[in-house]
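Engineer: Sharing a structure with you now.
The values are calculated or read from the model by the stated rules, or taken from the named source; none is laboratory data. Everything quoted here is computed from the prediction, not taken from an experiment. Note that we place each Cβ from the backbone using ideal geometry, even for glycine, and neighbour counts take in every protein chain shown. What goes into the accessible areas is simple: the full protein's heavy atoms, side chains included, and nothing from ligands, DNA or RNA. Shrake-Rupley method; radii C 1.70, N 1.55, O 1.52, S 1.80 Å.
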Amino acid sequence: MENAKSAELEELKAATTALVVIDLQKGIAGSGRDLFPYPADQVIRNAESLVKAFTEKGAFVVLVRVATVDGKDMLKPKTDIKPSPAPFPEGWDQILPELAGYPNTYTLTKHQWGAFFGTGLDLQLRRRGIHTIVLCGVSTSIGVDTTAREAYQLGYNQVFAEDAMGASSREEHDYVCKTIFPRIGKIRTSEETAAALK
């Protein structure tokens, strides 16, 4: 991505840095869903490489999923775009198997776009002395962006692994990566991010 900085990322300390993976679950990133600008399999592969690097270094890894029992706890505001009724087939909220098998990861369930609001994520991070988070997942412009804005307001340093996230359109992904993320954190590749973790 042209907006990503080529400068080397300063060292990320495993003891104070967490990887937060947004909504890489069967009903959202699975089933051959089209993602942009990177295909879903590439996003998943890059996210998995980060999970592997973080777990090997003993860093905290949070696998975030959105889930509901019956849809009644989901937000239903009046909007110009009518939401399409989302089916919730069996297993739709399960973390993708490529990520689920790693040891010592923490699975967090959320009920709205962001991973902080109404969850214990901030508590889990602060009790571990974490002040930097690496974000990736789906969708760049919804779950990742909302979580990033919440993290910014809570005072976290952030790194965005841009090639380990995707959106429903290239325009959505590029808008967030060009106009929002550079103001609240640093954009790097998954490879650069993993290499910086010490």
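Engineer: Taking the Cα centre as origin and putting +1 on Lys and Arg beta-carbons and -1 on Asp and Glu beta-carbons, what dipole magnitude results for the range 1-133, to the nearest 20 debye?
Structural biologist: Value, rounded to 20: 420 debye.
Engineer: Sticking with this one: From the residues Leu121, Val43, Gln158, which one has its Cα farthest along the dipole of the chain in the positive direction, the dipole being from +1 and -1 charges on Cβ of Lys/Arg and Asp/Glu about the Cα centre?
Structural biologist: Checked the options; the winner is Leu121.
Engineer: Follow-up. Against the longest alpha carbon principal axis of the chain, how many degrees, from 0 to 90 and to the nearest 10, is the axis of helix 40-56 turned?
Structural biologist: 50
Engineer: So what J values fall out for the range 106-112 if you push phi through Karplus, 6.51 cos²θ - 1.76 cosθ + 1.60 with θ = phi - 60°, rounded to Hz, Gly and Pro as x?
Structural biologist: Computed from phi, the couplings for the range 106-112 are 10, 8, 10, 9, 10, 10, 9 Hz.
Engineer: Between the DSSP loop rule and a limit of at most 11 other Cβ atoms within 10 Å, which chymotrypsin sites (Phe, Trp or Tyr not before Pro) in the range 44-103 are left?
Structural biologist: For chymotrypsin sites (Phe, Trp or Tyr not before Pro) across the range 44-103 that sit outside H, G, I, E and B with at most 11 neighbouring Cβ atoms in 10 Å, the list is empty.
Engineer: Here's something else I'd like to know. I need the Kirkwood Rh of the chain: take the reciprocal of the average 1/r across all distinct C-alpha pairs and report it in angstrom.
Structural biologist: 16.8
Engineer: While we're here: From the Cα gyration tensor of the range 86-187, with a ≥ b ≥ c the square roots of its eigenvalues, which class applies: rounded if a/c is under 1.5, or else prolate if a/b is larger than b/c, or else oblate?
Structural biologist: oblate
Engineer: Taking the alpha-carbon distance from Lys57 and a cut-off under 20 Å, which lysines remain once sequence neighbours fewer than 8 residues away in the same chain are dropped?
Structural biologist: In chain and number order, the partners are Lys13, Lys198.
Engineer: When ligands, DNA and RNA are left out and all protein chains stay put, how many square angstrom of accessible area per residue does the chain have with a 1.4 Å probe?
Structural biologist: Heavy-atom accessible area per residue stands at 52 Å².
Engineer: For the pair Phe117/Tyr152, report the inter-label distance in nm, with labels modelled 7 Å from Cα in the Cβ direction.
Structural biologist: 1.5
Engineer: For the range 90-146, count all C-alpha to C-alpha pairs, find those more than 16 Å apart, and express that count as a whole percent of the total.
Structural biologist: On the way: 874 of 1596 pairs.
Distances greater than 16 Å cover 55 percent of the Cα pairs.
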